[in-house]
Amino acid sequence: MAENQRQSPAPESEARFAPRTIYIAFEVFPKAKGATSHMAMLAQTLAEEHGPLLLLCCGHSDMPALQIEGDIIIRRHKAYHPNMLHRVVEFGRFVYRMLRNLPQQPELVIFRDPWGGAPALQALDGCPTVFEVNALPSWELPYAYPAIRDNAAMRAKILDVESFCLRRAAGLITVSSLTAEALKGLGVSGDRLTIIPNAADDVFFSPPAPDGPAGPWLEGRWFGYFGSLHTWQGVDTLIRAWARIARDFPQANVLIIHNNRRQAVKRLEKLVRRLELDSRVCFQPPVPPEVLAGIIARLEFTCAPLLETARNTVQGCCPVKIVESMAASTPVLASDLRVTRELISSGLDGLLVPPGDTRAWAGSLGKLLQDDLVRRRLGVNAYQSARKKFSRRVTLEHLERLFAQVTDEAGSRWDKNDH
């Protein structure tokens, strides 16, 4: 979506753009990470079926504040404050201002976080709203900002904003049954919850051929990992397991495509050097989805070595890395957790391994590296499973049912209030 930018329209052109649907996310868009890959897919789907769509998001200084592509208008909040909480407040003001200035009330609002959701609920009172809960700040922020765990006043404020959004949203989307249970524990009724796994963009189902000179990961044998390097992702386990068997497979190497800051990469590079794997593990920065799709399709398999932490066993998740790899016909070796069992049937369309068990991971890595027939069979089945569970078409069917429900309920409330 973001590659085909055109210049900002004249003010009168923007004024005539009356969106039917609003999508709000406290995320820089686009950005090479799973969240924004999902956002792009959902925005395109919404625009095709419920356009025009207004996407309110964050942006870097080199991105246009206003961008129109077909039935999608993107408005970016580009002011950047070094303090995350200040950024949250600024983004909320931006969202409120944008929504209060709309020429007419939209038919539907979807928001990914309370930072955009709370001002949207205040600015468009009575408009049907859907809260897309992949995680809540009270769950996620302590990982990135450990000081929040010890700040009771700050945690109380965050919980208050979350509670407001959870109570007021007409419907909630979440990505796994485990996340749904966590939300029910916060008082969300089950009839307001819809579980929709993350979907893979069409480009992963039909990966393009490499454009230009082949990168080093297209020569020789490679398996890989792509995603963040946060400790709960378990990349350490993958590297240690590889160290156990790397000498048995001298032609094979590991490609790690990450989106983390240098500090996280340095920690893992130090581990790689200590294990004498310098020439066998390649770290690469993020790449656009169409490039990533082509790379994944050429890997022998990918890995999702999630650890057995509260982040994965209480909060829940639906790793986009697994979904996209399966769509590209590339089998996945993943940790055996409840959230991964919802995506992979071990032995049928992927393999599941005890989380954090370096010895078991080493054995499974070796099994996939030495058995071409197993890899091919798992890859074919992975593609078929992804078609059935993780395509845009399946996501749209789920969304249409939810949107019909929340808009009908909003109409009923309107009629009662009107009479």
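Straight-distance candidates among the aspartates and glutamates for linking to Lys389, with alpha-carbon spacing under 14 Å and chain neighbours fewer than 8 residues away dropped: Asp201, Asp202, Glu324, Glu342, Asp349, Glu397. Compute the long axis of helix 289-298 from its Cα atoms, compare it with the longest principal axis of the Cα atoms of the chain, and write down the angle in degrees, 0 to 90, nearest 10. It works out to around 30 degrees. Given their separation in residues at 0.36 nm each and the Cα-Cα distance between them, Ser206 and Arg273 gain 20.5 nm when the chain is fully extended. Rounded, prolate or oblate: which one fits the range 282-416, using the alpha carbon gyration tensor with axes a ≥ b ≥ c (rounded when a/c is under 1.5, else prolate when a/b beats b/c, else oblate)? Judged from the Cα gyration tensor, the range 282-416 comes out prolate (a/c at least 1.5, a/b above b/c). In the range 186-322, with Lys and Arg counted as +1 and Asp and Glu as -1 at Cβ, which of these residues, His258, Asn198, Val272, has the Cα nearest the positive end of the dipole, that is, farthest along it? Checking the options against the dipole of the range 186-322, the answer is Val272.
Helix-derived [θ] at 222 nm for the chain: sum -39500 (n - 2.57) over DSSP H runs of at least 4, divide by residue count, nearest 500? Could the numbers behind the result be given before it?
Numbers: 17 runs with 194 residues, N = 419.
Value at 222 nm, helices only, nearest 500: -14000 deg cm²/dmol.
Note: relative contact order over the chain, using C-alpha pairs below 8 Å and six or more positions apart, is 15 percent.
Averaging Cα coordinates gives a centre for the range 147-161 and one for the range 94-124; these two points are 24 Å apart.
What does the C-alpha gyration tensor say about the overall shape of the chain? Classify as rounded when a/c is under 1.5, otherwise prolate if a/b is larger than b/c, or oblate.
Details: a/c = 1.76, a/b = 1.67, b/c = 1.05.
Prolate, because a/c is 1.5 or more and a/b exceeds b/c.
Helix 114-123 and the longest principal axis of the C-alpha atoms of the chain enclose an angle of approximately 20°.
Of Phe301, Phe226, Phe283, the residue with the greatest mean-square motion in the GNM of the chain, using alpha carbon springs below 10 Å, is Phe283.
Under 5 Å from the amide H of Thr129 lie the amide H atoms of Val109, Ala170, Gly171, each residue being 5 or more positions distant or on a separate chain, with H modelled from the backbone and absent for Pro and chain starts.
Within a straight-line Cα-Cα reach of under 15 Å, Lys270 can be paired with the following aspartates and glutamates, leaving aside sequence neighbours fewer than 8 residues apart in one chain: Asp236, Asp278. Working from Cα pairs under 8 Å separated by at least six residues, relative contact order for the range 100-192 is 29 percent.
Dipole magnitude for the chain: about 1160 debye, using +1 per Lys or Arg Cβ and -1 per Asp or Glu Cβ, origin at the Cα centre.
Translational diffusion coefficient, Stokes-Einstein: compute it for the range 202-389 using the Kirkwood radius over C-alpha pairs as Rh, at 37 °C and 0.692 mPa s, and state it as an integer in µm² s⁻¹. Intermediate values should be presented prior to the final figure.
Numbers: Rh = 16.4 Å.
So the translational diffusion coefficient is about 200 µm²/s.
Ordered by the count of other Cβ atoms within 10 Å of each Cβ, fewest first, Tyr23, Tyr143 give Tyr143, Tyr23. For the range 241-258, 3J(HN,Hα) computed residue by residue from phi via the Karplus equation (6.51, -1.76, 1.60; θ = phi - 60°) reads 5, 5, 4, 5, 10, 4, 5, 7, 9, x, 8, 9, 9, 10, 9, 10, 9, 10 Hz, glycine and proline entered as x. With a Förster radius of 22 Å applied to the beta-carbon distance between Asp191 and Thr407, the computed FRET efficiency rounds to 0.90. Database remark: amide H of Trp222 closer than 5 angstrom to the amide H of Asn253, Glu300 (H placed geometrically; neighbours at sequence offset of 5 or more, or on other chains; Pro and chain starts carry no H).
The protection proxy used here, the mean number of other Cβ atoms lying within 10 Å of each residue, ranks peptides 148-157, 302-311 as follows, highest first: 302-311, 148-157. Put a dot 7 Å past the Cα of His398, heading toward its Cβ, do the same for Ser163, and the two dots end up 2.9 nm apart. Structure note, pairs Lys31/Lys388; Lys266/Lys367; Lys31/Lys78: Cα-Cα distances above 20 angstrom occur for Lys31/Lys388; Lys266/Lys367.
Taking a ≥ b ≥ c as the square roots of the eigenvalues of the alpha carbon gyration tensor, the range 112-262 is prolate, as a/c is not under 1.5 and a/b beats b/c. To the nearest 10 degrees, how steep is helix 392-418 against the longest Cα principal axis of the chain, on a 0 to 90 scale? Its long axis makes an angle of about 20 degrees.
Just so you know, all these numbers are worked out from the coordinates, no wet-lab data involved. Computed from a prediction, not measured in an experiment: that's the story for all the values here. Positions of Cβ are generated from backbone atoms using ideal geometry, with glycine treated the same way; all protein chains shown enter the neighbour counts.
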